[in-house]
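Okay, structure first, notes after.
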Amino acid sequence: MYYKRGKLVLAGRAQVTIFIIIALVIIAGFAVFFLVRGYLINPGIPKELQPVYTYFESCIKENIKGAVNLAETQGGWIYMPEFERGNDLFPSSSQMNFFGFPVPYWNYISISGARKEQMPGKSEIEEQISKYVIDSAGNCDFSQFLSQGFDISFGSAVASTTVNGVSTDVDLNLPVIVSFNNVTSTKSNYKISYTTKLGKFYDTAAAIYQKQKSESFLENYGLDILRLYAPVDGIELSCAPKVWNPNNIVSEVLEATEANIAVLKLKSNDDYKLKKPENKYFTIDYSADENVRFMYTKNSPTKIEIWPAENNLMIAESVGQDAGMGIMGFCYVPYHFVYDFIFPVMIQVYDNNEIFQFPVVATIEKNQVNAVGSEAVPDSDNSICNNKNTPVNVYTYNTKLEPIAANISYRCVTTTCQIGETSVTGRDAALTADFPACVNGFIIAKSDGYATASQIISTNEESSTSIILEKQYELGLNITGIGRDMAVVNFASDKDSVSAVYPEQKKVKLSEGYYNISVSVYKNTTIVFPATNNKKCIQISKSGIAGLFGGTEEKCFDYNIPSQTITSALSGGGTQQKYFIESELAQGKNIILTPVMFMTPKSLDDLQKNYISFETNNVGVEVI
């Protein structure tokens, strides 16, 4: 028994030893696996090559910062949507010129009267940031390393972006292969987080925009301004006709709108205190934990049209002097005037470091709020498009009268119908198709490589028309003498407008025509607009019978406008007019613009002088 017990004891110890050895082997195996796996996935960067990757990551972060700044400045857009010009009826165009910088409207009215929206979604902002990061990666300057003998090459890039409340995170996959002194390394993945409130500001802006769409609070303030500063409806005791000068009325309304919009605040803004109960009128019933500012200037593209107004006068005739009315014992003048009032408002969400801004267009038509919603998408079920019964022949050519295949659509008032495509046969590109009956509609022709062309035509009877499409030429854009400063360039013609933010955008597409060219150069600086404390007094109608007969009383409001800091100011530029002929665009490769440079503004007076200089200086223009 003792021997067996001893044998059993020995056998038990051997078994435990074997288990311990097996466990150690397994642990060692896992350790080796994970060490090798970690090395393969993220191999160490040799010390002598590390500065290249450190610089590249810092460059990518600067590019993310640039993308965020553009998105915040341009209402979420980095790559601008297609520009649509305004006209006398709807002057806003699709972009607001904000101190020389184009900012797409989140809503506006097109020249055809269509109500359009171009508010980017957050996913669209993320996609544009990713594209910007990829596009600008090639602009990182590795010259300091190349001069030392480094060899640097790149693979294909893929990026994804997430815009959060307090950061924008970019995951960039871009193989960067670096060699130096027979040492080579590759790094592909760059996860970079940039601290910014872009996401939070965008969410606040989107909520305010939705409130404006649902409640039209800007239009309601506009209606109040009309009734306070312009004759709309009323009665005045007088035996003589009342006469107003519409030019004076327009001037007063513009100044009142500028003053009133500036003092609008959210009820949660810390910088706006209700010193008097009357100030509640200027408070919008919405809470946000960020500062929000509303801005309108009387020089903005604004439409005010008044009916009736003849020979530049608004006249209301007196009642009470006619035969049979003497029993009244007094004369009175009733009046009723109708207004179209369309004005743009810039809305800014901001703190001490960042500003997100977007403009909207407030629309009052015939004294009624007419909020701008999204444009109706052309639909084959539309009753206009379903009633195509007028045959029309359409021919499309280039400027040399060579046939060009083009897509043809027809716009009648605010409805656009897809018609078909012209096809090239012999010397013609033709389409014969039925069009909906319409007076003074637009045939629209589009073809790749050509500027969109349109032709007014009435389709209430059979007809034919020819459309000439002008070829577009892509040229490099080079602005001399501005160093690393940013410049905003605009080529405006009666057909279209092309804008570019330099140096981010270094190419433009132009067709033959006469262009008004402007270049605005902006330099980093710091200018502070001081805070102002103001008191505004206005005349309002009295309540009761006194108000019926024109009685007014004075109401005064105290309001504070916070200080504003400008970090980028006009430091150069000018304008020029030039006709580009097709041969010049076809043979040229680059447009060279030479703006006049001004002093870097350090004060409001300096900035004002620069704007005066901008209007009086010419930009050099050369196609080479």
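None of the figures in this text is laboratory data; all of them are computed from the coordinates on show. Nothing here was measured: the structure is a model prediction, and the numbers come from that model. Virtual Cβ from ideal backbone geometry, glycine too; neighbours counted across all protein chains shown.
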Task: Anisotropy class of the stretch 383-469 from Cα gyration tensor, a/c 1.5 cut - done: prolate
- [ ] Order the peptides 519-525, 488-494 from the highest to the lowest mean number of other Cβ atoms within 10 Å of their residues.
- [x] 519-525, 488-494
Task: Cross-link pairs K187/K523; K131/K187; K131/K507; K122/K298 - those with Cα-Cα distance over 28 Å - done: K187/K523; K122/K298
- [ ] Straight distance only, please: which aspartates and glutamates reach the Cα of K388 with their own Cα at less than 15 Å, same-chain residues fewer than 8 apart left out?
- [x] D379, D434, E461, E462
- [ ] Could you pull out every residue, at least 5 positions away or on a different chain, whose amide H is within less than 5 Å of the one on G620? Hs are placed 1.01 Å off N in the peptide plane, and Pro or chain starts have none.
- [x] T594
- [ ] Which order do the peptides 161-169, 259-267 take when ranked by the mean count of other beta-carbon atoms within 10 Å per residue, highest first?
- [x] 259-267, 161-169
